Amino acid sequence: MQMRLVVLNDDLAPKGSLHLAQHGVSYYIEIVNGSKIESVLFDTGSSYVPIKYNASISHIDLSKLNSIVISHCHYDHTGGLYDAINEFGKNVFAHPSIFRENFYLPYRYIGMPKDFKQEVMTYKNLILVKEPLKISEYITMTGEVPRKNDLEIPVDMFTIENGKVVKDLMLDDNSLFIDLGDSIFLISGCSHAGIVNIKNYVEELSGKDVNYILGGLHLLNASKEKIDFTIKNLEGVELFLGHCTGENAIQRMKDKFGEKVKRIHSGFEIEL
Ligand SMILES: [Fe+2]
Ligand SMILES: [Fe+2]
């Protein structure tokens, strides 16, 4: 079995690169096993056009995708969803609460764009699930991730329940993992559930060690205590970090783990 992962959207594109950057996440994952091919698009960035453009530069035919998985409601992960659905259809997997109000205070809406939310809600191939779900032979989505520590609880986002403004715990945060046989490759959007919680849950679900993590770890404005805690718990894992991880946290992990840490960007590719 061979895996190819291409970053179709990160906030960073290196100088001179043909690939475009925009705020957000979109990853293309392809598993080839003999004549069988599984492919999934994980998140859709802030908008679809740069993703489509980057896919063409990386020689990816998005019309052949099997499915789209959405990590959580934020506009920088769902912004291209409506255009992607319109262009190539396919199953869309996400958490049932993905359409809720979600905002910073003072009120700044950061959920799924409201100009197409209704259309996505009624899309015929939408699969809303809280539980772990194996979407193909090698690829599983985690669904809701149990929260087991205080440090990784989201604190600065809000929602509305029964007319009241309450903290939003981002229960929709959902990751993907790929079974490589003797280890696991974990892919996360923003890790709002906490990367340590996510890693532990994936190891519990799969019964295998997570050897690779790729995505955003949401440590941009994190306390030193939280970054220390994360570093301590990710020892031994190969880390491919981008988006909302924060350059400070990435540098601290590079200082500690050296070559095991890489900064990803639009156009970044892994083949395993
Ligand atoms: Fe994000
Ligand atoms: Fe997010």
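Every read-out reported here was derived from the displayed coordinates using simple, explicitly stated rules and does not represent laboratory data. Predicted model only: the values in this text are computed from it and were never measured. So basically every Cβ, Gly included, is an ideal-geometry build from the backbone, and we count neighbours across all protein chains shown.
Observations
- The listed residues are Lys90, Lys52, Lys36, and the only one of them that is farther than 25 Å from Thr142 by Cβ, more than 16 Å from ligand 1 (Cβ to nearest atom), out of contact with any His (no Cβ under 9 Å at 6 or more places or on another chain) and of a type outside the set (Ser, Thr, Tyr) turns out to be Lys52.
- Any pair with Cβ under 6 angstrom, 6 or more apart, that starts in region 7-28 at a residue that is part of a loop (DSSP other than H, G, I, E, B) and ends at one that is among the hydroxyl-bearing types (Ser, Thr, Tyr) and within 16 Å of ligand 2 (Cβ to nearest atom): Gln22/Ser46; His23/Ser46; Gly24/Ser46
A quick yes/no check of all residues on (1) of a type in the set (A, V, I, L, M, F, W, C); (2) in a loop (DSSP other than H, G, I, E, B); (3) buried (at least 16 other Cβ atoms within 10 Å of the Cβ):
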position: Lys52; (1), (2), (3): no, no, yes
position: Ser63; (1), (2), (3): no, no, no
position: Ile85; (1), (2), (3): yes, no, yes
position: Ile98; (1), (2), (3): yes, yes, yes
position: Pro113; (1), (2), (3): no, yes, yes
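- For region 216-247, a tally of residues being in a loop (DSSP other than H, G, I, E, B) and within 16 Å of ligand 1 (Cβ to nearest atom) returns 9.
- Number of the condition not met by Lys148 [criteria: (1) of a type in the set (D, E, K, R); (2) farther than 28 Å from Ile85 by Cα; (3) surrounded by 17 or more Cβ atoms within 10 Å (Cβ to Cβ)]: (3)
- Scanning region 15-31 for residues that are farther than 22 Å from Cys73 by Cα and either crowded, with 20+ Cβ neighbours inside 10 Å or under 21 Å from the mean Cα position of the chain (by Cα) (or both) yields a count of 4.
- Search result, residues across region 87-96 that are under 13 Å from Thr44 (Cα atoms) and part of a strand (DSSP E or B): Val92, Phe93, Ala94
- Flag for Leu176 being within 16 Å of ligand 1 (Cβ to nearest atom) and either farther than 23 Å from Asp11 by Cβ or within 13 Å of the chain's Cα centre (by Cα) (or both): yes
- Where Ile213 falls short, out of the listed (1) outside any helix (DSSP H, G or I); (2) more than 16 Å from ligand 1 (Cβ to nearest atom); (3) touching an Asp or Glu at 6+ places or on another chain (Cβ under 9 Å): (2)
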